[in-house]
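Heads up: the structure comes next, in C-alpha coordinates.
The values are calculated or read from the model by the stated rules, or taken from the named source; none is laboratory data. Note that the structure is predicted; figures quoted are calculated from it, not measured. Positions of Cβ are backbone-derived with ideal geometry, glycine not excepted, and every protein chain shown enters the neighbour counts. The accessibility values were calculated without ligands, DNA or RNA, using every heavy atom of the protein model including side chains. Shrake-Rupley method; radii C 1.70, N 1.55, O 1.52, S 1.80 Å.
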Amino acid sequence: METSLHRELKRRYAGRRDRTEVVLDNYRIDAVRGGRLIEIQHGSLAAIRDKIGSLVARHRVLVVKPIVRRKFLVKQSSAEGEAVSRRLSPKRGCLLDIFDELVYFTRVFPHPRLTLEIVLVDVEEWRYPGHGRRRRWRRGDHVVADQKLLEVGTRVRLGRAADLIKLLPAPLPAEFHTGTLSDCCNVERHVAQRIAYCLREMRAVEQFGKQGNTLLYRATPRRRSRRVDEAA
(Lines give C-alpha, C1' and ligand atoms only; values in the text may rest on other atoms or scores of the structure.)
Protein backbone atom coordinates (compact mmCIF):
# COMPACT_ATOMS: atom_id res chain seq x y z
CA MET A 1 0.00 0.00 0.00
CA GLU A 2 1.33 3.44 -0.92
CA THR A 3 2.07 5.62 2.09
CA SER A 4 1.18 9.29 2.36
CA LEU A 5 4.94 10.00 2.49
CA HIS A 6 5.52 8.33 -0.88
CA ARG A 7 2.47 9.99 -2.43
CA GLU A 8 3.47 13.48 -1.26
CA LEU A 9 7.08 13.15 -2.44
CA LYS A 10 5.85 11.86 -5.78
CA ARG A 11 3.58 14.88 -6.11
CA ARG A 12 6.42 17.28 -5.27
CA TYR A 13 8.88 15.77 -7.73
CA ALA A 14 6.42 15.17 -10.54
CA GLY A 15 4.78 18.57 -10.56
CA ARG A 16 1.24 19.25 -11.73
CA ARG A 17 1.73 18.88 -15.47
CA ASP A 18 3.80 15.72 -15.50
CA ARG A 19 2.82 12.08 -15.60
CA THR A 20 2.72 9.66 -12.67
CA GLU A 21 2.41 5.88 -12.47
CA VAL A 22 3.66 5.44 -16.03
CA VAL A 23 4.26 1.96 -17.48
CA LEU A 24 7.52 1.88 -19.45
CA ASP A 25 9.71 -1.05 -20.55
CA ASN A 26 7.48 -3.38 -18.49
CA TYR A 27 8.11 -1.32 -15.34
CA ARG A 28 5.82 1.02 -13.45
CA ILE A 29 7.54 4.40 -13.01
CA ASP A 30 6.52 6.79 -10.22
CA ALA A 31 6.76 9.86 -12.43
CA VAL A 32 8.15 11.22 -15.70
CA ARG A 33 9.21 14.85 -15.81
CA GLY A 34 11.03 16.58 -18.64
CA GLY A 35 11.96 13.27 -20.20
CA ARG A 36 13.53 12.00 -16.96
CA LEU A 37 12.15 9.01 -15.07
CA ILE A 38 11.67 9.58 -11.34
CA GLU A 39 11.60 6.81 -8.75
CA ILE A 40 10.80 7.51 -5.08
CA GLN A 41 12.31 4.72 -3.00
CA HIS A 42 11.68 4.80 0.74
CA GLY A 43 12.46 1.09 1.03
CA SER A 44 15.77 -0.61 0.37
CA LEU A 45 17.63 0.35 -2.80
CA ALA A 46 18.25 -3.37 -3.27
CA ALA A 47 14.57 -3.74 -4.23
CA ILE A 48 14.98 -1.51 -7.31
CA ARG A 49 18.60 -2.33 -8.22
CA ASP A 50 17.79 -4.48 -11.25
CA LYS A 51 14.96 -2.19 -12.35
CA ILE A 52 17.18 0.91 -12.32
CA GLY A 53 20.06 -0.97 -13.93
CA SER A 54 17.76 -1.86 -16.81
CA LEU A 55 16.19 1.59 -17.18
CA VAL A 56 19.45 3.57 -17.31
CA ALA A 57 20.49 1.62 -20.38
CA ARG A 58 18.10 3.84 -22.38
CA HIS A 59 16.68 6.53 -20.09
CA ARG A 60 17.76 9.29 -17.73
CA VAL A 61 16.67 8.35 -14.22
CA LEU A 62 16.41 10.23 -10.93
CA VAL A 63 16.16 8.04 -7.82
CA VAL A 64 14.91 9.92 -4.76
CA LYS A 65 15.90 8.27 -1.49
CA PRO A 66 14.25 9.78 1.61
CA ILE A 67 16.03 9.29 4.93
CA VAL A 68 13.99 9.91 8.07
CA ARG A 69 15.70 12.63 10.08
CA ARG A 70 13.05 12.75 12.82
CA LYS A 71 10.08 10.47 13.41
CA PHE A 72 7.04 11.21 15.55
CA LEU A 73 5.22 8.06 16.66
CA VAL A 74 1.45 8.40 16.77
CA LYS A 75 -0.34 5.56 18.55
CA GLN A 76 -3.93 4.81 17.63
CA SER A 77 -6.40 2.94 19.78
CA SER A 78 -7.14 0.59 16.87
CA ALA A 79 -6.77 0.37 13.11
CA GLU A 80 -9.63 2.81 12.61
CA GLY A 81 -9.38 4.43 16.02
CA GLU A 82 -8.31 7.90 17.11
CA ALA A 83 -4.81 8.95 18.12
CA VAL A 84 -4.15 8.35 21.83
CA SER A 85 -0.53 9.50 22.10
CA ARG A 86 2.28 11.15 20.16
CA ARG A 87 5.98 11.08 20.97
CA LEU A 88 9.30 11.73 19.27
CA SER A 89 11.35 8.64 18.50
CA PRO A 90 14.90 8.80 19.90
CA LYS A 91 16.28 7.55 16.59
CA ARG A 92 17.77 10.15 14.25
CA GLY A 93 18.67 9.81 10.61
CA CYS A 94 21.54 11.55 8.80
CA LEU A 95 23.12 11.71 5.35
CA LEU A 96 25.68 9.04 6.20
CA ASP A 97 22.82 6.53 6.52
CA ILE A 98 22.76 6.38 2.73
CA PHE A 99 25.81 4.13 2.83
CA ASP A 100 23.68 1.45 4.51
CA GLU A 101 21.76 1.37 1.22
CA LEU A 102 24.57 2.00 -1.25
CA VAL A 103 26.20 -1.34 -0.41
CA TYR A 104 23.40 -2.85 -2.54
CA PHE A 105 23.78 -0.28 -5.31
CA THR A 106 27.47 -0.49 -6.16
CA ARG A 107 26.81 -2.10 -9.55
CA VAL A 108 24.31 0.58 -10.55
CA PHE A 109 25.77 3.87 -9.31
CA PRO A 110 27.50 5.82 -10.71
CA HIS A 111 26.13 5.85 -14.23
CA PRO A 112 26.03 8.72 -16.76
CA ARG A 113 22.22 8.58 -16.95
CA LEU A 114 21.57 8.10 -13.22
CA THR A 115 21.20 10.75 -10.53
CA LEU A 116 20.58 9.90 -6.88
CA GLU A 117 18.98 12.47 -4.60
CA ILE A 118 19.04 12.01 -0.83
CA VAL A 119 16.26 13.83 1.03
CA LEU A 120 16.14 14.22 4.80
CA VAL A 121 12.53 14.23 6.00
CA ASP A 122 10.56 14.51 9.21
CA VAL A 123 7.59 12.18 9.38
CA GLU A 124 4.71 11.02 11.51
CA GLU A 125 4.33 7.26 11.76
CA TRP A 126 0.79 6.19 12.62
CA ARG A 127 0.56 2.76 14.26
CA TYR A 128 -1.97 0.63 16.10
CA PRO A 129 -1.78 -2.47 18.34
CA GLY A 130 -1.01 -5.76 16.62
CA HIS A 131 -3.32 -8.75 16.69
CA GLY A 132 -3.34 -11.16 19.60
CA ARG A 133 -2.63 -8.61 22.36
CA ARG A 134 -5.69 -7.69 24.41
CA ARG A 135 -4.38 -5.43 27.12
CA ARG A 136 -0.87 -4.16 26.62
CA TRP A 137 1.48 -3.32 23.84
CA ARG A 138 4.72 -5.20 23.86
CA ARG A 139 7.97 -4.32 22.13
CA GLY A 140 7.43 -4.59 18.38
CA ASP A 141 3.70 -5.36 18.84
CA HIS A 142 2.28 -2.82 16.42
CA VAL A 143 1.17 -2.40 12.84
CA VAL A 144 2.27 0.66 10.88
CA ALA A 145 -0.80 2.19 9.30
CA ASP A 146 0.84 5.10 7.46
CA GLN A 147 3.77 7.48 7.31
CA LYS A 148 3.01 11.15 6.73
CA LEU A 149 5.44 13.82 5.56
CA LEU A 150 5.87 16.74 7.97
CA GLU A 151 8.90 18.56 6.61
CA VAL A 152 11.55 18.27 3.92
CA GLY A 153 15.06 19.18 5.06
CA THR A 154 18.43 18.94 3.36
CA ARG A 155 18.55 17.54 -0.17
CA VAL A 156 21.80 16.29 -1.68
CA ARG A 157 22.09 15.27 -5.32
CA LEU A 158 24.77 12.78 -6.39
CA GLY A 159 25.82 12.28 -9.98
CA ARG A 160 29.43 11.09 -9.89
CA ALA A 161 31.61 8.91 -7.69
CA ALA A 162 33.51 11.97 -6.42
CA ASP A 163 30.25 13.37 -5.02
CA LEU A 164 30.22 10.59 -2.41
CA ILE A 165 33.30 12.06 -0.72
CA LYS A 166 31.40 15.30 -0.18
CA LEU A 167 28.88 13.46 2.01
CA LEU A 168 31.54 13.04 4.69
CA PRO A 169 31.37 15.61 7.51
CA ALA A 170 35.11 16.41 7.44
CA PRO A 171 37.88 16.28 4.83
CA LEU A 172 39.90 13.10 4.59
CA PRO A 173 43.70 13.10 4.49
CA ALA A 174 45.39 12.18 1.21
CA GLU A 175 45.87 8.63 2.51
CA PHE A 176 43.63 6.99 5.09
CA HIS A 177 42.28 3.75 6.53
CA THR A 178 38.95 2.85 8.12
CA GLY A 179 40.16 4.03 11.52
CA THR A 180 40.76 7.48 10.05
CA LEU A 181 37.35 7.33 8.39
CA SER A 182 35.76 6.32 11.70
CA ASP A 183 37.22 9.39 13.43
CA CYS A 184 36.32 11.68 10.53
CA CYS A 185 32.68 10.62 10.49
CA ASN A 186 32.34 9.98 14.24
CA VAL A 187 31.01 6.48 13.62
CA GLU A 188 31.90 2.96 14.76
CA ARG A 189 34.67 1.15 12.90
CA HIS A 190 32.26 -1.35 11.29
CA VAL A 191 30.23 1.55 9.89
CA ALA A 192 33.43 3.12 8.53
CA GLN A 193 34.25 -0.20 6.86
CA ARG A 194 30.88 -0.14 5.11
CA ILE A 195 31.49 3.42 3.91
CA ALA A 196 34.97 2.49 2.67
CA TYR A 197 33.51 -0.48 0.80
CA CYS A 198 31.03 1.76 -1.04
CA LEU A 199 33.65 4.38 -1.83
CA ARG A 200 36.01 1.73 -3.20
CA GLU A 201 33.43 -0.23 -5.21
CA MET A 202 32.03 2.97 -6.70
CA ARG A 203 35.58 4.12 -7.49
CA ALA A 204 35.52 7.27 -5.39
CA VAL A 205 38.67 5.95 -3.67
CA GLU A 206 41.19 3.28 -4.50
CA GLN A 207 43.04 0.78 -2.32
CA PHE A 208 46.78 1.13 -2.79
CA GLY A 209 48.48 -0.78 0.01
CA LYS A 210 48.46 -1.94 3.61
CA GLN A 211 49.70 -0.80 6.99
CA GLY A 212 50.11 -4.11 8.75
CA ASN A 213 46.76 -5.79 8.22
CA THR A 214 44.96 -2.49 7.65
CA LEU A 215 43.99 -1.51 4.10
CA LEU A 216 45.06 1.93 2.93
CA TYR A 217 42.99 4.12 0.62
CA ARG A 218 43.39 7.33 -1.32
CA ALA A 219 41.06 9.40 -3.49
CA THR A 220 40.77 8.20 -7.06
CA PRO A 221 42.32 10.74 -9.45
CA ARG A 222 39.45 12.93 -10.60
CA ARG A 223 38.38 13.56 -14.11
CA ARG A 224 35.76 16.19 -14.60
CA SER A 225 33.30 16.15 -11.75
CA ARG A 226 30.26 18.24 -11.02
CA ARG A 227 29.47 19.57 -7.60
CA VAL A 228 26.88 18.12 -5.29
CA ASP A 229 23.67 20.15 -5.44
CA GLU A 230 22.52 20.85 -1.90
CA ALA A 231 19.52 22.78 -0.66
CA ALA A 232 18.21 23.23 2.83
Among the listed pairs Lys10/Lys71; Lys51/Lys71; Lys51/Lys91; Lys91/Lys210; Lys91/Lys148, which are separated by more than 26 Å between their Cα atoms?
Lys51/Lys71; Lys51/Lys91; Lys91/Lys210
Cα-centre dipole for the chain with unit charges at Cβ (Lys and Arg positive, Asp and Glu negative), debye to 20:
160
Helix-derived [θ] at 222 nm for the chain: sum -39500 (n - 2.57) over DSSP H runs of at least 4, divide by residue count, nearest 500?
-5500 deg cm²/dmol
Average accessible area per residue (Å²) across the stretch 60-192 - probe 1.4 Å, nucleic acids and ligands excluded:
55
How large a share of the accessible area of the chain, in percent, is made up of carbon and sulfur atoms when the probe is 1.4 Å and the other protein chains stay in place?
43
Roughly how far apart, in whole Å, are the Cα centres of the stretch 147-225 and the stretch 34-107?
21
In degrees, nearest 10, the alpha-carbon axis of helix 189-201 is tilted away from the dominant principal axis of the alpha carbons of the chain by 70
Which percent of Cα-Cα pairs in the stretch 77-184 sits in each 5 Å bin, short to long?
2, 8, 14, 16, 13, 12, 10, 9, 7, 5, 2, 0
Find the all-direction average of the projected area of the Cα convex hull for the chain, expressing the result in square nanometres with one decimal place.
15.7
Going from the alpha-carbon gyration tensor of the stretch 3-61, what semi-axes, largest first and in whole Å, does one get by taking the root of 5 times each eigenvalue?
18, 15, 9
Antiparallel versus total DSSP beta bridges in the chain: what percent is that, nearest 5?
65
Overall Cα dimensions of the stretch 28-102, principal axis frame, Å, largest first
50, 30, 22
